[in-house]
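I have placed the structure first, in the form of C-alpha cells, so that the comments after it can refer back to it.
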Amino acid sequence: MPDTTLTQPSSALASEMQAHMGLFTDKTFDWDAFPASRGFPDLLRAQLRYIGAGGSPKSNDPTTMKAEHFTFSLVNQPIGKFAASHAHEVVEHFFILQGVLTIGTVWGDEVVEVKLGPKDMVLNKVGRPHGFRNDGIEPVLMQITVGSGTPEAPVHVCHPKNKDLELSRRFGAPGPEKIHHFSPESTDRRHQELASQVVRYRDRTPVWDKAGFARLAYIGEGGAPAVTYRMDMIRLPRGVAVRPYVRDVEDVYFVLEGVVTVGWEQDGEIVERRLGTRDLMFNPAGRPHYFRNDGAVDAEFTMVVGSPKPETVVFEAA
C-alpha cells in the first residue's frame with residue numbers, strides 16, 4: 001500500500017483523526033501537575049497527558065483529548081522520589097515502561113511492597129490506599145490509566161504535609177518490621193489480594209488470534225479483574241493487518257515498539273496515520289478503524305477498551 005501518511009489530501013475525516021492522535025514528541029511533561037506535591041521536593045514527579053487529566057486537576061489542558069471511560073497519561077518519577085500513600089474512588093493501573101517501581105499497598109500501619117519492572121503492571125483497587133517510590137538507578141516512566149473520565153481528587157493517607165517525611169516514604173509503616181515483601185504464594189489475604197492485581201510480563205501467555213497477531217491479557221479475562229475498562233498487549237508481526245472493525249465504546253492504541261499504521265474509514269474515504277513508540281491513537285465509538293504493521297520489525301502496542309466486558313470483535317486478516 002502507498003504511504004498515505006504524507007500524501008493523502010486534507011479532509012474533515014483527516015482533521016478529526018489528527019485531533020485524536022497523541023504524538024509523544026509533540027508533548028511536554030508537566031512538573032507541576034500535582035498540587036499536593038508543591039513545596040515537597042521528595043514528591044517530585046512529572047505528568048504527560050494524552051487523554052483527560054488523570055490524577056491531576058488540570059482538566060482544561062488544551063493538548064489533551066477528552067476522556068470518556070478512562071484517562072491516559074505518562075508519569076516520570078526521578079530516582080529517590082516517592083508518591084505519598086493515597087486512595088481513589090475508581091480503579092487505576094500503573095504499567096511500567098522504564099525502570100523499577102516499588103509500590104506499597106497500605107493495611108492500617110502495615111504495608112505490602114512489590115517491585116515492578118518494564119512491561120509489568122499493577123491494578124490498584126477502588127479504595128485501597130497505595131503509594132509508589134523509585135528506589136532504582138534510573139528514572140521510572142510509567143503509563144497510568146484511571147477508570148473514569150472525571151476522577152475525583154485522591155485522598156491522602158500519609159503525606160509529609162502532616163506526617164514525618166520518612167514515615168511518608170514508607171507509606172505509613174512505622175518501621176521495617178511493618179513492611180512485608182510481596183509473595184504471590186502467601187496465604188495472607190493481603191498478598192492474595194495483591195496477587196490478583198499484579199501482572200508480570202514474563203508470565204503472560206500469548207493467545208494467537210486467527211487474524212495473525214498475539215494478545216497478552218493484562219486487565220480482563222486472563223489478567224487482573226476488569227472493572228470499568230480492560231487492556232491487552234498486542235504483538236503485531238511484520239506484515240500483519242486486520243480489516244476495519246467497529247466498537248460501541250472507544251479503544252486506544254499506545255505503541256511500545258515498532259511502527260503501527262492506523263486507518264479510519266467513513267463513507268468510502270480512508271485516512272491512515274503511522275504511530276511510533278509512545279504515540280497514541282484514540283478511536284471513538286462507532287468509528288470503523290483498523291491496524292497494520294508495514295514496518296521493518298514486529299510491533300507491540302497496548303489496546304485499552306472502554307468496557308470491562310470480554311472481547312466481542314471478531315478480527316479478520318486483511
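The values are calculated or read from the model by the stated rules, or taken from the named source; none is laboratory data. These numbers were taken from a predicted model, which means no experiment stands behind them. Every residue, glycine as well, gets a Cβ built from its backbone with ideal geometry; the counts of neighbours run over all protein chains shown. Remember, those area values only see protein heavy atoms, side chains included, never the ligands or the DNA or RNA. Shrake-Rupley method; radii C 1.70, N 1.55, O 1.52, S 1.80 Å.
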If the chain between V249 and A285 were fully extended at 0.36 nm per residue, the gain over the current Cα-Cα distance would be 12.5 nm
Hey, with R₀ at 30 Å, roughly what FRET efficiency would S15 and N60 work out to, going by the Cβ-Cβ distance, to 0.05?
0.85
Quick check: residue separation of V313 and E265 times 0.36 nm, minus the Cα distance between them. What number comes out in nm?
15.6 nm
Rounded accessible area per residue of the stretch 170-229, 1.4 Å, Å²:
56 Å²
Solvent-accessible area, 1.4 Å probe, carbon plus sulfur percent, for the chain:
53 percent
Counting Lys and Arg as +1 and Asp and Glu as -1, each charge on the Cβ, what is the dipole of the chain about the Cα centre in debye, to the nearest 20?
480 debye
Take K178 and N162, extend 7 Å from each Cα along the Cα→Cβ direction, and tell me the distance between the two endpoints in nm.
1.7 nm
What distance in nm separates the two pseudo spin-label positions at A296 and F40, each 7 Å out from Cα along the beta-carbon direction?
4.6 nm
Tensor-based shape of the stretch 49-162 (alpha-carbon gyration tensor, a/c under 1.5 rounded, otherwise prolate or oblate)
oblate
Normalised convex hull volume, the chain, alpha-carbon set, Å³ per residue
130 Å³
Sequence of R247, R274, R128 from largest to smallest accessible area, 1.4 Å probe:
R274, R128, R247
Counting only protein heavy atoms and rolling a 1.4 Å probe, one gets per residue an accessible area for the stretch 11-81 in Å² of 46 Å²
What is the stretch 213-312 by shape, rounded, prolate or oblate, if you read a ≥ b ≥ c off the alpha carbon gyration tensor as root eigenvalues and call it rounded for a/c under 1.5, prolate for a/b larger than b/c, and oblate otherwise?
oblate
Counting heavy atoms of the protein chains only and a 1.4 Å probe, report the per residue accessible area for the stretch 277-318 as a whole number of Å².
38 Å²
